[in-house]
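Structure record follows, encoded as structure tokens.
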Amino acid sequence: MSHVVITGASSGFGEASALGFAKLGHSLFLGARRVDRLREVARACLEAGAREAEVHELDVRGKKSIDEFCAACGTPDILLNNAGLALGRDPVSSMKDEDLVGMVETNVIGLVRVTRALLPRMIAAKRGHIINLGSYAARGVYEGGAVYAATKHSVRVISETLRLELSGTNIRVTEMDPGMAETEFSIVRLGDESKAKKVYEGWEPLTAADVADAILWVATRPPHVNVSEVVMTATAQASLTKVHKG
Ligand code: NDP
Ligand code: 8X3
């Protein structure tokens, strides 16, 4: 039985992974801003077989919120740094300042602060697994995605650096880099459900369950095996800018 801490567990990959870990009988500590949604996820996790499922409000853009969450969450065997978002599709020349700051604070600063708060306990326990949600966008660029891709390139750099810094501690670090998946991601990014739906029309994107499957696979390898990076896309997605429709 492992203790699994998940940031951004109120929807998408975080929710699907929580359910997957629940089915294995693990204990869960779930964070996000939408606590009502978290409670529903926790209830489903307990029904699915989780040993425990606790929820705690978490806004990774707030240091105090991170400190309170991390004070309450115990020592993770598995830390899934999943909370993240894209805001807008504007070019650099006209992107909103709030989108710029929102993506950097959430995807980079929040991820590092959560990791920094929990690592000393994991190091003392001489075990653990950090799984960071990067993106296929950590491996290339596209117009209207400069800052989102930059934050995900940063996550990849942080994952690589952690593997060096944690050498000899018995802590594993995995970078998960999925391509386009139909979650609430595009609703958050575009601010509109019908625009979001169009992103996935006419082809079959990844689902949250597909990505959770891969997360569970890396987390269930024997302790001496570290899956460093996972790059996965829908079969129809050949690159960041090429999706086959129809
Ligand atoms: P969703 O929008 O469905 O889920 C995002 C999760 O992150 C939600 O639980 C949300 O919770 C949480 N979150 C966002 N901001 C904060 C915050 N400030 N504090 C705490 N939690 C926050 O999207 P996905 O499941 O698709 O995204 C999960 C991760 O995967 C993200 O890092 C994303 O960048 C990445 N990704 C997504 C891809 C996709 O195509 N869907 C592809 C590759 C990577 P709440 O709003 O309740 O706080
Ligand atoms: C999300 C995938 O291609 O929209 O991380 O940037 S993409």
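The values are calculated or read from the model by the stated rules, or taken from the named source; none is laboratory data. On a predicted model such as this, the values are computed, not experimentally measured, just so you know. Cβ sites come from the backbone with ideal geometry, for glycine too, and all protein chains shown count toward neighbours. Protein only, heavy atoms only, side chains kept; ligands, DNA and RNA dropped before computing areas. Shrake-Rupley method; radii C 1.70, N 1.55, O 1.52, S 1.80 Å.
Name every residue in the stretch 187-233 that is over 25 Å from Asp90 (Cβ atoms) and touching a Phe, Trp or Tyr at 6+ places or on another chain (Cβ under 9 Å), in order of residue number. Within the stretch 187-233, Ala208, Val211, Ala212, Ile215, Leu216, Ala219, Val227, Val230, Val231, Met232 meet the criteria. Of the numbered criteria (1) within 16 Å of ligand 1 (Cβ to nearest atom); (2) open to solvent by 50 Å² or more (accessible area, probe 1.4 Å); (3) assigned to a helix (DSSP H, G or I), the one Ala124 fails is (1).
If you scan the stretch 150-181, which residues turn out to be within 11 Å of ligand 2 (Cβ to nearest atom) and either open to solvent by 30 Å² or more (accessible area, probe 1.4 Å) or in contact with a Gly (Cβ under 7 Å, 6 or more places away or on another chain) (or both)? Working first, answer last.
Here is the first cut: in the stretch 150-181, the ones within 11 Å of ligand 2 (Cβ to nearest atom) are 151-152, 155, 176-181.
Within the stretch 150-181, Lys152, Val155, Met176, Asp177, Met180 meet the criteria.
Kindly indicate whether Gly179 is modelled with pLDDT of 95 or more, out of contact with any Asp or Glu (no Cβ under 9 Å at 6 or more places or on another chain) and at positive phi. Let's see the steps before the verdict.
Values: modelled with pLDDT of 95 or more: yes; out of contact with any Asp or Glu (no Cβ under 9 Å at 6 or more places or on another chain): yes; at positive phi: no.
Spelling it out, it is not the case that Gly179 is modelled with pLDDT of 95 or more, out of contact with any Asp or Glu (no Cβ under 9 Å at 6 or more places or on another chain) and at positive phi.
Residue check: Leu164 meets all listed conditions (1) within 16 Å of ligand 1 (Cβ to nearest atom); (2) farther than 21 Å from Met103 by Cα but one, namely (1). Listed by first and then second residue, the pairs with beta-carbon distance under 6 Å, at least 6 apart or on different chains, first residue in the stretch 192-203 and surrounded by 12 or more Cβ atoms within 10 Å (Cβ to Cβ), second part of a helix (DSSP H, G or I) and β-branched (Val, Ile, Thr), are Ala196/Ile187. Looking at the structure I just gave you, is Ala83 at pLDDT 95 or above, small (Gly, Ala, Ser), closer than 23 Å to Ile123 by Cβ and buried (at least 16 other Cβ atoms within 10 Å of the Cβ)? So Ala83 fits the description; yes. Of all the residues in the stretch 217-232, those that are open to solvent by less than 50 Å² (accessible area, probe 1.4 Å) and within 27 Å of Val199 (Cα to Cα) number 2.
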